[in-house]
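Since the structure comes first, as structure tokens, the remarks are kept for the end.
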Amino acid sequence: PPSEAAAAGPPRTTAPPQFAPDEDGDEDGVHGYGDDDNNDDGDWRRRARDRKPPEVLAELERVFVLEPYIGDENKRRVLQKFPKLTERQLVSWFSHRRRKEKWEMEVYESRIGRKATRTELYTTPGARDNIGSLPRDPAAREMAKAALLGRPVAPHAAGFAYAGAGAGAG
């Protein structure tokens, strides 16, 4: 009878793919901001968040205000202006920025008590001040909104469960 090792097939390797040095001198096959996937120990992990220079962020914000879904013409122009920025990074940045804008709009509308337009969000002084980041959890999002607006939130509205609550309690 064949052994278990032979039945399992060839041994699997966890080694990363090998690349020739690219234009920024490393061997990860990617060029751009924050492109080093390999730490000093040779251990492959998720790479750290890359911070884009202020001039890149300023340009991306300027394009975003005019066009939240980047078109091919602006995409080519931005990538030509900032050659270290990859197309994937650019598309991801716009996706995340649209999500942030949605959060800003939610907070702004809850502050003014009515629906608002995108133009109003960007032209009203102070509309985007002190908004902060977007919590992923819906309960945390409601609590953050309430805190920004200075309103108390009932614990049950924020999605908390108490040990004594539920069936059989009382």
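The values are calculated or read from the model by the stated rules, or taken from the named source; none is laboratory data. Quick caveat: nothing in here was measured; it's all calculated off a predicted structure. Counting neighbours? That spans all protein chains shown, and the Cβs are built from the backbone with ideal geometry, glycine included. The accessibility values were calculated without ligands, DNA or RNA, using every heavy atom of the protein model including side chains. Shrake-Rupley method; radii C 1.70, N 1.55, O 1.52, S 1.80 Å.
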May I ask you to give the percent of accessible area on region 39-130 that is carbon plus sulfur, with a probe radius of 1.4 Å? 49
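Quick one: order R77, R114 from most to least accessible surface, probe 1.4 Å. Mind showing how you got there, number by number?
Details: R77 85, R114 125 Å².
Ranked list, largest accessible area first: R114, R77.
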Once the in-chain neighbours fewer than 8 apart are removed, the lysines whose Cα is under 27 Å from K75 read K52, K84, K100, K102
Just read off the accessible area of L57 with the full protein assembly in place, 1.4 Å probe, to the nearest 10 Å². 70
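Go ahead and run the numbers for FRET between K75 and R51, Cβ-Cβ distance against an R0 of 30 Å, rounding to 0.05.
E between K75 and R51, to the nearest 0.05, is 0.90.
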Using modelled amide H (1.01 Å from N, peptide plane; none on Pro or chain starts), what sits under 5 Å from the amide H of R128, excluding residues fewer than 5 places away? none
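When the chain is fully extended, how far beyond the present Cα-Cα distance does E109 get from D137, taking 0.36 nm per residue of separation? It would help to have the intermediate numbers written out before the result.
Details: separation 28, 0.36 × 28 = 10.08 nm, distance 1.96 nm.
Using 0.36 nm per residue and subtracting the Cα-Cα distance, I get 8.1 nm.
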Let me cross-check M143: its accessible surface, 1.4 Å probe, with only protein heavy atoms counted, in Å² to the nearest 10? 80
